[in-house]
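Data first, discussion second: the structure below is written as structure tokens.
No lab work stands behind these numbers, since they all come straight from the coordinates. Bear in mind the structure is a predicted one, so any value in this text is a computation, not a measurement. Note: ideal-geometry Cβ built from the backbone for every residue, glycine included; neighbour counts use all protein chains shown.
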Amino acid sequence: MPLALSAVLSYAPQNASNMKLLSFFFAAALGVLPLLHAADSQSAVRARVDAELPRLLDLYKHLHSNPEISFQEAQTAARIADELKQAGFTVTTQVGGHGVVGVLKNGAGPTVLVRTDLDGLPVLEETGLPYASKTRTKDDKGIDVPTMHACAHDIHMSSFIGTARVLAALRDQWSGTLVFIGQPAEERVGGAKGMLAAGLYTRFPRPDFCLALHAASDLPAGVVGHTEGYALANADTVDITVRGVSGHGAWPHTTKDPIVLSAQIILGLQTIVSRETSPTDPAVVTVGSIHGGTKHNIIPDEVRLQLTLRSYSDEVRDASIAALKRIVRGQALAAGIPEKLLPVVEVSEEGAKSTYNDPALNKRVTGAIGRWLGEGNIVAKKPVMGAEDFGLFGRTEPRIPICMFWLGTITKESVTESIKTGKTLPSLHSSKFAPVPEPTLKTGVTAMSAAVLELVGKK
């Protein structure tokens, strides 16, 4: 024990005030002040989360009942903007469409960006929940469609607002700048691109770290999943128009059959993964749709194919697209298709870029969440071939470390039953996907608060 502290213990009067002071000195001498501060922060956050929970449940049910599809999130964005304003953030709307940016400056320290997505899906809800969506709208083609938060963006938004309110109320616990953004059109992978193009990193504080959470349909509520490195995939949409020379089915020799050619192309495309991509580099080539012809005995002059390509690295993505174009052209030439009728390959500009969780940031975030929730409530998850546009927020120059973690949303009983019986649980985008709000929201706010407090400065 240091002499100065020994002297204080020997000679200081033993009243309550001095005993408190002695405790402080003793903690300082043992180097446990950071631990005490962390414990105080956890207690303060937990108390605040409990206080906010009734309000967040109401917000969640409102958002769930009133979804809006991509590029139409006007009312949702307005509600998120209002909630951030009430929490004390300086708010800007209409950033890259219906994007919302809330900034809270609280002294010197790192800048942390937290993202939520705003949009729902054109899905008819079949959950049977009392607050189920009955909303219908017109899509961008003018077609009347049902609308549902089938990817749990309502959970994301409610956890996001809860975190904003908790951290704003506890400004004495941290220092730095928070940038909370409501991103539109995640399902159409256009929102992140739009917000960045609208000056997200020039009009507002440039973040040192970017965080997001995403609901998981295979994890129990109260549990958080994490993935280091590649977590979500590049996703490219490809349309191929296979052209031929039509004619009677009884005289195929007078035609150039695009249906047979399409079959050869589909089989040829399977070699992109099996023979042109390293077995250690995951990739997917899926033909999801083939349409052509009108009658049994007519060879058509056109067949349309719709594909999705998935990969993690940009190198594999670029190589897969190049191989696809080469195989399509080669099969057509082998079939004797004239140059003017070679297939048309269109790669959509709406493709998503892979999400790469920075390993160092992932370790910090998951370490903090594990300390707050208990190590048994944070689990490693394998990367998936699903796609998101959150990854774009880190693909700037210079690169910004990003991390997205998974939030369990279903009951432990459901998970246990699924494992025991082999019964498949409703997945994300399912009409029957129904997250349990509690303890999902409580866990989401607590985990994201823990992650942010790990990264900002300490007071």
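The table below gives the values:
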{"quantity": "Gain in span if fully extended, T241 to T294, counting 0.36 nm per residue against the direct Cα distance", "calculated": "17.5 nm"}
{"quantity": "Euclidean distance of C-alpha centroids, segment 416-459 and segment 281-353, integer Å", "calculated": "37 Å"}
{"quantity": "Beta bridges by DSSP in segment 108-211, antiparallel share as percent, to the nearest 5", "calculated": "30 percent"}
{"quantity": "For F390, net neighbour charge (Lys/Arg +1, Asp/Glu -1) across residues whose Cβ lies under 12 Å away", "calculated": "0"}
{"quantity": "Whole-Hz ³J(HN,Hα) from phi, Karplus 6.51 cos²θ - 1.76 cosθ + 1.60, for segment 309-321, glycine and proline x", "calculated": "10, 10, 7, 9, 7, 5, 5, 5, 4, 4, 5, 5, 5"}
{"quantity": "Protection proxy ranking, peptides 300-307, 232-239, 201-208, average beta carbon neighbours within 10 Å, highest first", "calculated": "232-239, 300-307, 201-208"}
{"quantity": "Global geometry of segment 234-347, whether rounded, prolate or oblate, following the gyration tensor of its Cα atoms and the 1.5 cut on a/c", "calculated": "prolate"}
{"quantity": "Above-threshold pairs, the threshold being 18 Å between Cα atoms, out of K85/K442; K61/K141; K134/K432; K382/K420; K138/K432", "calculated": "K85/K442; K61/K141; K382/K420; K138/K432"}
{"quantity": "Computed label-point distance, nm, for sites R203 and L428 using a 7 Å Cα→Cβ extension", "calculated": "2.7 nm"}
{"quantity": "Backbone HN-Hα couplings from phi across segment 243-255 [Karplus 6.51/-1.76/1.60, Hz, Gly and Pro as x]", "calculated": "9, x, 10, 6, x, 6, x, 7, 10, x, 5, 8, 10"}
{"quantity": "Amide H contacts under 5 Å for Y230, placed H, 5+ residues apart", "calculated": "N357"}
{"quantity": "Mean shadow area of the chain, taken as a quarter of the surface of its Cα convex hull (nm²)", "calculated": "28.7 nm²"}
{"quantity": "DSSP-defined beta bridges in the chain - what % are antiparallel, rounded to 5", "calculated": "70 percent"}
{"quantity": "Potential extension, H62-T396 segment - 0.36 nm per residue separation minus Cα distance", "calculated": "116.7 nm"}
{"quantity": "The chain, relative contact order in percent, only Cα pairs under 8 angstrom and at least six apart counted", "calculated": "22 percent"}
{"quantity": "Highest average packing first - 100-107, 188-195, 419-426, Cβ atoms within 10 Å", "calculated": "188-195, 100-107, 419-426"}
{"quantity": "Segment 234-347: relative contact order in percent, alpha carbon pairs under 8 Å with at least 6 residues between", "calculated": "40 percent"}
{"quantity": "Likely footprinting exposure, I265, I378, fewest C-beta neighbours within 10 Å first", "calculated": "I378, I265"}
{"quantity": "T137 long-range amide H proximity, modeled H, under 5 Å", "calculated": "V145"}
{"quantity": "Rounded tilt (10° steps) of 16-30 against the dominant C-alpha axis of the chain", "calculated": "50 degrees"}
{"quantity": "J(HN,Hα) series, segment 379-394, from Karplus relation 6.51 cos²θ - 1.76 cosθ + 1.60, nearest Hz, glycine and proline x", "calculated": "10, 6, 10, 5, x, 10, 8, x, 9, 8, 9, 4, x, 4, 5, x"}
{"quantity": "Inter-probe distance in nm under a simple model that places probes 7 Å from Cα toward Cβ, at K105 and E339", "calculated": "6.3 nm"}
{"quantity": "Residues L267 and E346, FRET efficiency given R0 of 22 Å [Cβ-Cβ distance, rounded to 0.05]", "calculated": "0.55"}
{"quantity": "Amide H within-cut-off set for G247, under 5 Å, with H built and near neighbours excluded", "calculated": "I299"}
